[in-house]
Amino acid sequence: MTDRLYSDPDLVQFYDIENEGRVDFDYCVGFAKDAGSVLDLGCGTGQLAAALADRRSVTGVDPAPAILDIARRRAGGQRVDWVEADARNVRLGRRFDLVLLTGHAFQVFLTPEDREAVLATIAAHLAPDGRFIFDTRNPVAQEWLEWTPERSQRELSHPELGTVRAWNDFRCDSATGVVTYSTHYECAAADACSAPNRKSPSRQRKALRRCWTRPGWSSKNGSATGVASHTLQHRQKSFRSAGCASPDVASP
């Protein structure tokens, strides 16, 4: 269930950079204003859980230890009870006023059995008058058609690695309706690490070397390239013919 995009420390470091300023964050903060206790399933790096914890009891659950390491270190993280567990079978022995499952996390549950299991977890932890909120991509929008190297290419500003080039590609299984997308990160050229305008050239060289030596990363033309795949499923099946009309897209 936990893929490398969330379990590999060298990939997790890009998570917050790629997920800043989302409108759903402010919505969820407002939605939780009257809740005395919150359970954040699939809490990720804990941005939302930590923001909510100044006025209430908050528990954050995620199956990926690398991403929870970031959550524990973030500002306000000490106020959250972090639990490494699978949302399909975790049982905390208490109930909450609000259960959250945000960031499209519901879509990682690809089978009816998985979805039934996570809904059972939610039911087991909701207080009698509690509320549950989740989000999901709209399959009618066919967002995955934009996840090509040409359309998704972007540059990220990393505090140690400098400018990092990123892009996505995808494939769609017409038989199952499952879309699998890959996220690619290409670090800057190694000789750029010693540029005088870098705050910490030695730390940048160390981080870049770590990229080269980790499984799944490769060195190419003086750069380090990492790839992570993530699988999701859109619950409506009518998207299949339109969503899978385009052939698989390969990274450049």
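Observations on the structure shown:
- Approximate spin-label separation HIS104-ARG154, in nm, with each point projected 7 Å along Cα-to-Cβ: 1.1
- Taking amide H positions as modeled 1.01 Å from N, with prolines and chain starts lacking one, the residues under 5 Å from HIS158 and 5 or more places away or on another chain are THR163, VAL164.
- From largest to smallest, the equivalent ellipsoid semi-axes obtained for the range 4-134 from the alpha-carbon gyration tensor read 21, 18, 14 Å.
- Seen from a random direction on average, the alpha-carbon convex hull of the range 19-93 projects onto 5.0 square nanometres.
- The 3J(HN,Hα) values that the Karplus relation (6.51, -1.76, 1.60; θ = phi - 60°) gives for the range 127-136 are, in residue order, 5, x, 10, x, 10, 10, 10, 9, 10, 7 Hz. Gly and Pro appear as x.
- Sorted by Cβ density within 10 Å, fewest first, the residues THR148, THR121: THR148, THR121
- ILE133-ARG165 FRET efficiency (beta carbon distance; Förster radius 45 Å; 0.05 resolution): 0.80
- Residues whose placed amide H lies under 5 Å from that of LEU126, excluding near-sequence neighbours: PHE96
- Label-point separation, ARG74 to ALA175 (7 Å along Cα→Cβ), nm: 3.9
- Over the range 71-111, the ratio between the Cα radius of gyration and 2.2 N^0.38 Å evaluates to 1.39.
- Under Karplus coefficients 6.51, -1.76 and 1.60, residue-wise ³J(HN,Hα) of the range 107-116 in Hz, glycine/proline x: 7, 7, 8, 8, 10, x, 5, 5, 5, 5
No lab work stands behind these numbers, since they all come straight from the coordinates. What you see is a predicted model, and the numbers here were worked out from it, not measured in a lab. Every residue, glycine among them, receives a Cβ derived from its backbone with ideal geometry; neighbour counts consider all protein chains shown.
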